[in-house]
Amino acid sequence: MSMRDVKAIKNIVKEHTEWRGSCINLIASENVASRAVREMLISDLGNRYAIGFLHNRFYSGTKYVDELEGYTTDLARRVFRAEHVNYVPISGTMANLVLFNALTDPGDVVTALSVIDGGHASFRECSKIHGVSLVPLPFSMETMNVDIGEAERLIARVKPKLVLLGASEILFPHPVREIRRIADEMGAAVAYDAAHVLGLIAGGTFQDPLKEGADVITGSTHKTFFGPQGGIILCKGRYAKAIDNAAWQLVNNHHIHRVAGLAVALAEFLAFGQEYAAQIVKNAQRLAEYLYSMGLDVLGSKMGFTRSHEVIFRAPNNNGDASAKRLEDANIITTKTPLPTDKTEEECSGVRLGTQEITRLGMNEDEMTKIAEFIKRVVIDREAPSNIREDVKKLAAEFGEVKYAFEGGDEAYKYLSL
Ligand SMILES: Cc1ncc(COP(=O)(O)O)c(C=O)c1O
């Protein structure tokens, strides 16, 4: 009986892998790791503990883990140009919780974007867990960005301990320099959630929040940064101890197979990151321009649509859920998203697209034209999704290999046999 269960489970995973390999993935928060990264994830490290700090572990058996983590830290500091790095959090959400624990006390005020304006649910959940009050940062639909004039007045009034920038829906760089100046007058810390744009920051195509004045960056290592799923914190040296202690308290047993995967991805990023990040943004801009020219209400049109990996459009009838479902039927995977004009988070008038994964698989501007045409046929022309599916599969089949990595020729989604 149990062997049958194992076979059934393997089969589900295999079917998932084959199906997703025949889709074009435009989810802005996903990516594909290289074969070399995946190799690290299935290594013996996934069976081991390394509780504690570098060269100061609670368990024996960690001499190679210390070597690995020393290496990983050096690589990460180079790639992210950061004084201090902590990759213990196992997700971006956990990285935010570490940030809240390290930099605020219960009863403090934190300001960050609300979910409707692009902020992430973890801002709210971490506030609740840690007992701080979250006050939404003002947002302007005109600039699709933090409204800096209103933010200045708000910060003077509520006196936050921490101003958190960054977002899930992030088309344009956030005003880190301006917020730094305002926060300094209030004695507040400035953090930046780079879960989405970490790879663009590392590749030098987006803003560099640490250089612009942020004290701490939190992030995920698997969105525009193409590592294994996980969290990371980058910070100025003076916050290192507080961050390391909070991370250790909240995670305790961090995942060292993921650290090895991250190290390999960092090495890949040093070699290919700039070219990859620049292409992501070019692809997003091309995709947005085409969708707009075909009649879709793409956000940010007055500012060139996007400077990140994301493209966001208002769905017909303000029904992002229906558009995302029709697109999925055509093997195009996207996310419904709330827009700042929605009354509740659940309304989701928009659809969010991301170009980072298709870029990693080698797609360039020419393919963006084709994808825009597929989306138009589904969303504007309302052609039956099944009509488009075969064309989508054909395009996906041409781009099954991970690029911007050291090895070539391996099919990205092939079921990994052990
Ligand atoms: C801005 C932002 N922060 C944090 C997270 C959470 O990251 P993770 O999914 O790695 O927990 C996300 C997820 O999409 C996000 O968009």
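The values are calculated or read from the model by the stated rules, or taken from the named source; none is laboratory data. If you're wondering where the values come from, they're calculated on a predicted model, not measured in any experiment. All Cβ positions, even for glycine, are placed from backbone atoms using ideal geometry, and neighbour counts span all protein chains on display.
One residue alone among Asn25, Asn56 is without any contact (Cβ under 8 Å) to a residue 60 or more places away in the chain, farther than 13 Å from Leu262 by Cβ and out of contact with any Lys or Arg (no Cβ under 8 Å at 6 or more places or on another chain), and that residue is Asn56. Take the residues of the range 213-254 that are in a loop (DSSP other than H, G, I, E, B) and of a type in the set (A, V, I, L, M, F, W, C): which is nearest to the ligand (Cβ to nearest atom)? Out of the qualifying residues, it is Phe225.
Looking at the range 117-133, which of its residues are within 14 Å of the ligand (Cβ to nearest atom) and crowded, with 19+ Cβ neighbours inside 10 Å? Scanning the range 117-133 gives Asp117, Gly118, Gly119, His120, Ser122, Phe123, Cys126, Ser127.
Among the residues of the range 275-316, count how many are at positive phi and either within 18 Å of the chain's Cα centre (by Cα) or surrounded by fewer than 24 Cβ atoms within 10 Å (Cβ to Cβ) (or both).
3
Based on what the data block shows, is Tyr239 aromatic (Phe, Trp, Tyr), surrounded by fewer than 23 Cβ atoms within 10 Å (Cβ to Cβ) and either within 14 Å of the chain's Cα centre (by Cα) or modelled with pLDDT of 95 or more (or both)? Considered against the rule, which asks whether it is aromatic (Phe, Trp, Tyr), surrounded by fewer than 23 Cβ atoms within 10 Å (Cβ to Cβ) and either within 14 Å of the chain's Cα centre (by Cα) or modelled with pLDDT of 95 or more (or both), Tyr239 comes out as yes. Kindly provide the set of residues from the range 99-116 that are aliphatic (A, V, I, L, M) and within 13 Å of the ligand (Cβ to nearest atom), ordered by number. Within the range 99-116, Leu99, Ala112, Leu113, Val115 meet the criteria. Ala28 passes every criterion in (1) more than 16 Å from the ligand (Cβ to nearest atom); (2) closer than 30 Å to Gly350 by Cβ apart from (1).
Looking at the range 245-260, is at least one residue modelled with pLDDT of 95 or more and under 16 Å from the mean Cα position of the chain (by Cα)? Within the range 245-260, not a single residue is modelled with pLDDT of 95 or more and under 16 Å from the mean Cα position of the chain (by Cα). Among residues of the range 189-212 being within 16 Å of the ligand (Cβ to nearest atom) and β-branched (Val, Ile, Thr), the one that is surrounded by the fewest Cβ atoms within 10 Å (Cβ to Cβ) is Val190. For Ala95, the test of being out of contact with any Lys or Arg (no Cβ under 7 Å at 6 or more places or on another chain), away from the ligand (no atom under 16 Å from the Cβ), in contact (Cβ under 8 Å) with a residue 60 or more places away in the chain and under 30 Å from Thr111 (Cα atoms) is failed. Screening the range 7-39 for residues that are more than 12 Å from Ile333 (Cβ to Cβ) and charged (D, E, K, R) and picking the one that is surrounded by the most Cβ atoms within 10 Å (Cβ to Cβ) gives Arg35.
So that you can scan it fast, the table gives a plain yes or no per residue for (1) in the same structural domain as Leu200 (by TED's automatic domain parsing); (2) touching a Phe, Trp or Tyr at 6+ places or on another chain (Cβ under 9 Å); (3) charged (D, E, K, R):
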residue: Ala8; (1), (2), (3): no, no, no
residue: Ser29; (1), (2), (3): no, no, no
residue: Ala50; (1), (2), (3): yes, yes, no
residue: Leu54; (1), (2), (3): yes, no, no
residue: Arg57; (1), (2), (3): yes, yes, yes
residue: Tyr71; (1), (2), (3): yes, no, no
residue: Arg78; (1), (2), (3): yes, no, yes
